[in-house]
């Protein structure tokens, strides 16, 4: 029988933090009722209560929480300092403000909920000493104004775009579809007349925008990317299967994966979306012999071919006598 996966630490920590103030508000609650309320078994709740014995505001016995459930009812004491309102850490406040800033351009009413929440949170953050909030109100990319103008007037745009993965700059005409901020970065989505398909462009990689005097209405069947899981996690991108040695296991932590399996030999099998085959090739070459592309076959063959070209480039020319030509 398969072993049950251990509960993530953050899930249990969150439950314990909610459990303490709740039990203080319900002294003498039956274990069965408390377990049902928090969605765990009675066995798990008893384990949680035993762990609370080791928690408190200090390391000494009189600073730890007292828990008694010997008669089937739960009583907590010496935990009065716990149920204070939780405060946002600085990084949490910054993340929340950045998320709200990405919503406000989409909200027509300047007194809407996103605008109000942003104003309140920023004011509180400044009041409590977050004096480096300049990163929260960073200027949007310069091309954003031009792209918004093109969208408002339904005009086609001409882009000069740099792709770091290919280390190349391309020019193309695009019919605007939407502007979206994802994970703190602005993206422009439109119908690309070069690729004859919908494409996403990062605004900080757009070198220049020219608004054309042409209708920019995208085709009726143009499909928008699913950005709910990030800018490049949609099912429209091919799914690659990689086998990673322990030295390359960081890849599974650094990049979003859809599957990860620990193999008996200590290696790791992962599946991830690949928006650009050249990116995958560069990753494999950088990891040298610590990664293997298992599938799909076309990606594997492309990586092998590029790797062979790199090896050929490093070989010294050899004369007919067998000596180096240098």
Handout entry: Test result for residue 280, under 21 Å from residue 304 (Cβ atoms), touching a helix residue (DSSP H, G or I) at 6+ places or on another chain (Cβ under 8 Å), at pLDDT below 80 and part of a helix (DSSP H, G or I)
Key = no
Practice task
Scan the stretch 239-286 for residues that are without any contact (Cβ under 8 Å) to a residue 24 or more places away in the chain and in contact with a strand residue (DSSP E or B) (Cβ under 7 Å, 6 or more places away or on another chain) and jot them down.
Solution key: 249, 252, 255, 257, 258, 259, 260, 261, 262, 263, 284
Practice task
Report yes if some residue within the stretch 107-124 is modelled with pLDDT under 70, in a helix (DSSP H, G or I) and assigned by TED's automatic domain parsing to the domain that holds residue 19; otherwise report no.
Solution key: no
Fill in the blank from the handout: Across the stretch 228-247, the tally of residues that are modelled with pLDDT under 90, in a loop (DSSP other than H, G, I, E, B) and within 30 Å of residue 266 (Cβ to Cβ) stands at 6
Exercise for the section: Might you let me know whether the stretch 23-39 holds any residue that is under 31 Å from the mean Cα position of the chain (by Cα) and modelled with pLDDT of 85 or more? Expected result: yes
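The values are calculated or read from the model by the stated rules, or taken from the named source; none is laboratory data. Worth saying up front: this structure is predicted, and the values here are computed from it rather than measured. Every residue, glycine as well, gets a Cβ built from its backbone with ideal geometry; the counts of neighbours run over all protein chains shown.
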